[in-house]
Each structure stands twice: as structure tokens, then as C-alpha cells.
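One structure is given below, encoded as C-alpha cells.
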Amino acid sequence: MKIWKHFKTITYHKYLVMQGCFKVGLYWQGIFHDMSKYSPSEFWVGAKYYQGNRSPNNAEREAIGYSSSWLHHKGRNKHHYEYWIDYSTKDIAGGMAPAPMPSKYVVEMLMDRIAACKVYNGKDYTSTSPWEYYKSGREKAPLHPETKRLLEKLLLMLAEYGEDRTFAYIRRKVLRRRQAL
């Protein structure tokens, strides 16, 4: 039963991201978003730790101390800021540093956060839900300053003006600028 519920949850999430991506013109990303969740190394772990009200990755972390599914996922999906963490050449100790994310992946990350909040909040979802979720953990997120600026601008715009206006802005300003480069 958990297998079927997990499949339905990730497929609904993927559908919601696809809808959002299509509305802003990111068709390829909408179609191929999170395909790795259907791979055996992510799917079976997700089914095992499925709870329905939060990410199975968190339950796996609590059970074994890390999430094998997440480690697989973040290395294959460019809409996660963790994908863009690299060794820093500016740090004498050789530490890790975030690289700037291309805007199309920041937008996909926004769609991912909207969809996750819709899936897990259900009828309690509001356009402020993605901002509230982000705000609860943003101090921990090692985002490049450019990436952080764009993501926060879009999350706050969504919270204040809703999807229609935010998505129109993304089409006109954020993604249009990318195409001009």
C-alpha cells in the first residue's frame, strides 16, 4: 500500500511542477522534473519511509543518520541548490562554496517548492506557504548571493501577489533576460 501511495505522491508532485513550469515556458524541465525519483535507488527508499505528510528523506535521515535517496537525488537534479555546491578556490582551507544557479533552475526550484507545499499542506496551502517553509530553514541554506536574491524575490512576490502575477513576471523578466544572454 505504501508503494502505491508513494507513487501517487511523487507523480502528483511532478504533475504540479510540470504545470508551473509550463506556465512560464520551461517545457523541457516540466516534463523531465524529478525523473530520478522513479529510479530504484530513490523510489524504494521513498516507499519504505513514506508517511504522506512530509518527505520520506527526512524519515530516512532520522532512521539511519543520512538519506541515501537524497544524496542520489541532489546530484542529478539541477533545480536543487545543493547540486551547485563546489570546492572554493578562494578559501585557503579548501572549503565548499555555492555557485550561482542559472535562472531557469531557480525558477524550477520555485515550482518545486510550490508543488511540495501544495502536496504536503493540502487544503491549508496558501501562496505564502513556500515563503514560510523557506524562511524556517534559510539560515542553513548555502545559496550563492545571486541565487538567494532571485529565489527570495520570487517567493516574496508569490506570497504577496500570487501565482498569476509572479509567473507573468518570470516569463517577462526572469526568463526573457536569460534568453537575451
How high is the FRET efficiency between Thr11 and Lys78 when r is their beta carbon distance and R₀ equals 25 Å, given to the nearest 0.05? 0.75
Ile85's amide H: which non-local residues (gap 5+, or another chain) put their own amide H closer than 5 Å, with H modeled 1.01 Å from N in plane and none for Pro or chain starts? Ala99
Measure off 7 Å from each Cα along the Cα-to-Cβ vector at Tyr87 and Ile3, then give the distance between these two points in nanometres to one decimal. 4.2 nm
Packing-wise, with mean Cβ within 10 Å as the measure, how do 28-37, 14-23 rank, highest first? 14-23, 28-37
Cut-off 19 Å (backbone N to label point 7 Å along Cα→Cβ of Arg171), residues of the stretch 1-36: 16-31
For the stretch 3-96, averaging the sequence separation of alpha carbon pairs under 8 Å that lie six or more residues apart and dividing by its residue count, the contact order in percent is 20 percent
Whole-angstrom Cα spans of the chain along principal axes, big to small: 47, 46, 29
For the stretch 1-90, what is the accessible area per residue in Å² when the probe is 1.4 Å? 59 Å²
Any idea what the relative contact order of the chain is, in percent, if you count C-alpha pairs under 8 Å spaced at least 6 apart? 20 percent
Carbon and sulfur together cover what percent of the accessible area of the stretch 52-181 at a 1.4 Å probe radius? 50 percent
Along the Cα→Cβ direction, 7 angstrom out, place labels at Glu146 and Ala97. What is the inter-label distance in nm? 1.4 nm
Assigned charges on the beta-carbon of Lys, Arg, Asp, Glu; the stretch 1-78 dipole about Cα centre (debye): 120 debye
The relative contact order of the stretch 90-172, taking Cα pairs under 8 Å that sit 6 or more residues apart, comes to a percentage of 40 percent
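The values are calculated or read from the model by the stated rules, or taken from the named source; none is laboratory data. All figures in this text were calculated on a predicted structure; none of them were measured in a lab. Cβ atoms come from the backbone with ideal geometry, glycine included; neighbour counts cover every protein chain shown. For accessibility, only protein heavy atoms count, side chains too; no ligands or nucleic acids. Shrake-Rupley method; radii C 1.70, N 1.55, O 1.52, S 1.80 Å.
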